[in-house]
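Have a look at the structure below before the remarks.
Read-outs: derived from the displayed coordinates by stated rules, not from any lab. Just so it is clear, the model here is predicted, and its values are computed rather than measured. Cβ sites come from the backbone with ideal geometry, for glycine too, and all protein chains shown count toward neighbours.
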Amino acid sequence: MRICFVADAADIHTQRWAGYFANKGDDVHLISFDKPSEDLENINLHILRTVGIKITILKYTINPLYVLKQFKKIIKEMEPDIIHGHAVRDHTIIAALTGFHPFVVTAWGSDVLIYPKESIVMKYTVPFTLRRADLITSDGENTKEAMIKMGIGSEKINRIMQGVDTKKFNPSCRDEKLRKKLKIFDSLAVISTRRFGAIHDVETLIKAIPLVLKRISDAKFIIIGEGEQKYYLLGLAKSLNIFDATRFIGWIPNNKLPIYLTSTDIHVSTSLSDSGLSTATAEAMACGLPVVITDFGDNRRWVEDGVSGFIVPLKDPEALAEKIVYLLKNEDLRKEFGMRGRKIIEERNDYYKELEKMRNIYIDLVKRYKS
């Protein structure tokens with residue numbers, strides 16, 4: 001098949017999806033406003049230019065007519081079998097305007113859960129784009145319900161997980177050299193891998209750290225991420241006098257995350273919103289880490305509180321600290337939660353299984369439109 005993805009080329013999710021089909025031997029193209037940090041192997045990249053009179057759709061400032069003209073020219077020359085837009089925002093909205101079919105859209109979460117409530121433009125363009133799609137995929141029941149409330153028929157929406165590469169993310173990657181480098185070789189460590197944005201609420205974890213240290217003074221905290229709240233979070237950690245126990249690592253490439261995850265002992269996600277189960281939590285579970293996550297959306301569909309992890313209220317540092325302390329003090333429970341979590345991801349969120357489902361969907365759609 002000749003598959004045209006329309007998405008952020010710098011995003012790891014885009015790269016993983018496009019890479020899967022390229023490795024399968026499909027002719028894969030990617031249209032994007034964004035350039036990746038490195039070359040994407042076996043993927044034909046088309047970067048859109050933005051000039052002229054400008055209006056704002058979401059985070060990009062573009063001239064939609066100029067971009068639409070580029071889109072149509074690329075598609076005419078490419079002659080794809082299918083177009084698949086990832087995240088219902090600028091790229092995908094413009095793709096919907098081309099009128100090409102078959103057209104698939106994948107909702108990522110905030111694009112349908114949050115942006116339509118915050119932006120009058122997105123309030124109308126998101127449902128418009130979804131109605132133009134022949135088929136929609138999402139990885140969350142909460143995301144599906146939000147789209148149904150927009151008037152999208154449930155029969156049009158398929159559940160396809162983003163998927164975790166369980167071969168790469170597995171419990172065997174623990175690295176004692178990394179533990180020594182991070183100065184956590186003689187301590188138990190808690191890790192967070194969420195972006196430093198308000199929606200991911202890493203602030204609550206930072207506020208929980210001194211509460212944990214009062215009871216387990218040698219605990220360590222590995223904070224991986226970047227984002228607009230970076231300096232606020234650094235300042236907060238300094239004001240709480242927890243720098244000695246905390247390691248702010250910055251951004252880590254996805255292919256290096258497994259050794260960081262498996263070299264720690266507990267994963268925490270304090271996010272306020274996600275579609276389905278966050279990839280950050282799923283990757284940690286695949287690595288056999290026990291997880292403590294917040295109570296919203298689909299999280300209880302994936303983690304049974306007290307059986308395969310702990311679920312805590314939103315923005316509650318005290319409750320979070322209590323569960324972290326309990327797990328740090330109970331090695332057997334950490335192992336039980338980790339084993340159960342790994343099994344859940346293997347059975348329900350495996351990258352190879354999920355994208356093979358998607359490939360079969362592509363084949364059926366292309367046959368339908370060519371018949």
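Near Ala189, once Lys and Arg are set to +1 and Asp and Glu to -1 for all other residues with Cβ below 9 Å from its Cβ, the sum equals +2.
Pairs with C-alpha atoms separated by more than 27 Å, drawn from the list Lys214/Lys256; Lys69/Lys357; Lys238/Lys315; Lys230/Lys256; Lys167/Lys357; Lys168/Lys315, are Lys214/Lys256; Lys69/Lys357; Lys168/Lys315. Averaging the sequence gap over all C-alpha pairs within less than 8 Å and six or more residues apart, then dividing by the number of residues, gives segment 172-259 a relative contact order of 34 percent. In the chain, a dipole from Cβ-located charges (positive for Lys and Arg, negative for Asp and Glu) runs towards its positive end, and of Phe128, Ser110, Ile311 it is Phe128 whose Cα lies farthest in that direction. For chymotrypsin sites (Phe, Trp or Tyr not before Pro), no site in segment 195-244 is both called loop by DSSP and has at most 14 other Cβ atoms within 10 Å. Among the trypsin sites (Lys or Arg not before Pro) within segment 275-321, those in coil by DSSP and having at most 16 neighbouring Cβ atoms inside 10 Å are Lys315. For the chain, the membrane-span-like helix rule (DSSP H, alpha carbon extent of at least 15 Å along the helix axis, mean Kyte-Doolittle at least -1.0) picks out 12-23, 64-78, 120-132, 202-213, 317-328; this says nothing about an actual membrane. Of the beta bridges in the chain, as assigned by DSSP with both residues counted there, near 5 percent are antiparallel. Round to a whole angstrom and tell me the spacing of the C-alpha centers of segment 201-222 and segment 246-314. Value for the Cα centre distance between the two parts: 16 Å.
Taking the chain as a Gaussian network of alpha-carbon nodes connected by springs under 10 Å, the highest mean-square fluctuation of the residues Ala189, Ala133, Ala319 belongs to Ala319. Ordering Val88, Thr246, Ala280 by the projection of their Cα atoms onto the charge dipole of the chain, which places +1 on the Cβ of Lys and Arg and -1 on the Cβ of Asp and Glu, puts Val88 at the extreme positive end. Among Ser37, Ser138, the ranking by other beta carbons within 10 Å of each residue's beta carbon, starting with the fewest, stands as Ser37, Ser138. Dipole check for segment 147-227: with +1 at the C-beta of Lys and Arg, -1 at the C-beta of Asp and Glu, and the Cα centre as origin, the magnitude is about 160 Debye. Largest GNM mean-square fluctuation across Thr98, Thr193, Thr204, computed for the chain with C-alpha springs under 10 Å, falls on Thr98. Viscosity 1.306 mPa s, temperature 10 °C: Stokes-Einstein D of segment 171-348 from its Kirkwood Cα radius, in µm² per second? Translational diffusion coefficient: 100 µm²/s.
The calculated Kirkwood hydrodynamic radius for the chain is 21.6 Å, given to one decimal from all distinct C-alpha pairs. For segment 291-362, dividing the convex hull volume of the Cα atoms by the residue count gives 92 Å³ per residue.
Our Cα-only numbers for segment 1-129 put the radius of gyration and Dmax at 14.0, 41 Å. Averaging the sequence gap over all C-alpha pairs within less than 8 Å and six or more residues apart, then dividing by the number of residues, gives the chain a relative contact order of 14 percent. Near Asp134, once Lys and Arg are set to +1 and Asp and Glu to -1 for all other residues with Cβ below 10 Å from its Cβ, the sum equals +3.
If you average 1/r across every pair of different Cα atoms in segment 100-218 and take the reciprocal, what Kirkwood value do you get, in Å? 18.1 Å is the Kirkwood radius here. Sparsely packed loop sites in segment 124-214 (the trypsin sites (Lys or Arg not before Pro) outside DSSP H, G, I, E and B with at most 12 other Cβ atoms within 10 Å) comprise Lys167, Lys183, Lys214.
Note on the chain: dipole from Cβ charges, positive end direction compared against His101, Gly163, Asn255; the farthest Cα belongs to His101.
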